Amino acid sequence: MERIQKIIAANSNYSRRKAEELIKSGRVRCNGKKVSLGDRGGYEDKIEIDGVVLEVKKSRDKIYLMLNKPRGYVTTMKDERGRKNILDLIYPKIKERVYPIGRLDLKSQGLLLLTNDGEFSFGIMHPKNEIEKVYLVSVNKEITKEEVKKLEEGVCYEGVKTKPCRVEVLFNSKEKSRFKITISEGKKRQIRNMVKVVLGEDVKRLKRTQIGTVKLKNLPVGEFRSLTKEEVFSLKSLIKNR
């Protein structure tokens, strides 16, 4: 027997957090009875979401992918504006439906994880796990020691202060600089906002190169591959209270 939100996450595109929200709002039933948080069920039970029966598979192959997202692609399941979508790079090369873990904005490139494992996605995204992400940042100006310190101490924007991070300057001149930022949270457009506030300059190029223990390395732009068993295990080891 497993918690019903876990069964939902394992057999749908809902994360465990979203499954919990569905349960709290009274939209989930098990064998005709409304489900409460903490209720457990088995794979033989009839679980419904908004009256639609959840197709529960006893054995569902888990898929874990990494993609080197190109610039100019959106990270969404659907885009009403008809822009290029990262899923166009995945399908029909694989038949199982997968979902991106987090996002990279239109102008950003680099490492993006995709999976059909809602529990895994939930763990990678959950703020309590503080899984680090590494970005390469290029700016058309020099970065000073004072600005590096301000970035590392945390930056206030939109009424919120970011957590402390690490900054490593890779190249610096009067005309441009290139540096690496390691953060342990994932606010929307966080790196771009941090750089704009501290340096007063827009990011020229932004590339994510690492999530937790997994590195992009030499995967070609626009290509994807399956994570190795070792990579999946190492990421799962970073998730608390699984």
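We did not get these values from a lab; they are worked out from the coordinates using the rules stated. On a predicted model such as this, the values are computed, not experimentally measured, just so you know. Positions of Cβ are backbone-derived with ideal geometry, glycine not excepted, and every protein chain shown enters the neighbour counts.
Rounded to the nearest 0.05, what FRET efficiency do Asn140 and Asn85 have when you use their Cβ-Cβ distance and R0 = 22 Å?
On the way: r = 29 Å, r/R0 = 1.33.
Using R0 = 22 Å, I get an efficiency of 0.15.
As an exercise, identify the trypsin sites (Lys or Arg not before Pro) in the range 1-71 lying in DSSP coil whose Cβ has no more than 16 other Cβ atoms within 10 Å.
Details: sites: Arg3, Lys6, Arg16, Arg17, Lys18, Lys24, Arg27, Arg29, Lys33, Lys34, Arg40, Lys46, Lys57, Lys58, Arg60, Lys62, Arg71; in loops: Arg27, Lys46, Lys57, Lys58, Arg60, Lys62, Arg71.
Passing sites in the range 1-71 are Arg27, Lys46, Lys57, Lys58, Arg60, Lys62, Arg71.
Efficiency by 1/(1 + (r/R0)^6): what FRET value for Arg205 and Asp61, r their Cβ-Cβ distance, R0 = 41 Å, to the nearest 0.05? Don't jump to the answer; show the numbers that get you there.
On the way: r = 36 Å, r/R0 = 0.89.
Efficiency for this residue pair is about 0.65.
FRET efficiency for Leu219 and Lys46, Cβ-Cβ distance as r, R0 = 41 Å, nearest 0.05?
Values: r = 42 Å, r/R0 = 1.03.
So, using R0 = 41 Å, E works out to roughly 0.45.
Take the Cα pairs of the range 132-211, get the Kirkwood Rh, then feed it into Stokes-Einstein at 37 °C and 0.692 mPa s and tell me D in µm²/s. Don't skip to the answer; put the middle values down first.
Numbers: Rh = 12.4 Å.
Reported coefficient: 266 µm²/s.
Please determine, in degrees from 0 to 90 and to the nearest 10, the orientation of helix 190-199 with respect to the longest principal axis defined by the Cα atoms of the chain, where the helix direction is its Cα long axis.
It works out to around 20 degrees.
Among (1) 150; (2) 126; (3) 114, which one is volume of the Cα convex hull per residue in Å³ computed from these coordinates?
Answer by label: (1).
With respect to the cross-link table entries Lys6/Lys236; Lys133/Lys204; Lys180/Lys204; Lys149/Lys240, which display a Cα-Cα separation exceeding 23 Å? Let's see the in-between values first.
Details: Lys6/Lys236 16 Å; Lys133/Lys204 19 Å; Lys180/Lys204 14 Å; Lys149/Lys240 30 Å.
Beyond 23 Å: Lys149/Lys240.
How many angstrom lie between the Cα centre of the range 92-150 and the Cα centre of the range 178-236?
If you average the Cα positions of each part, the centres end up 5 Å apart.
By per-residue mean of other Cβ atoms within 10 Å, what is the highest-first order of 209-216, 223-230, 139-146? Mind dumping the intermediate values first?
On the way: 209-216: 18.0, 223-230: 12.9, 139-146: 14.9.
Ranking, from highest mean packing down: 209-216, 139-146, 223-230.
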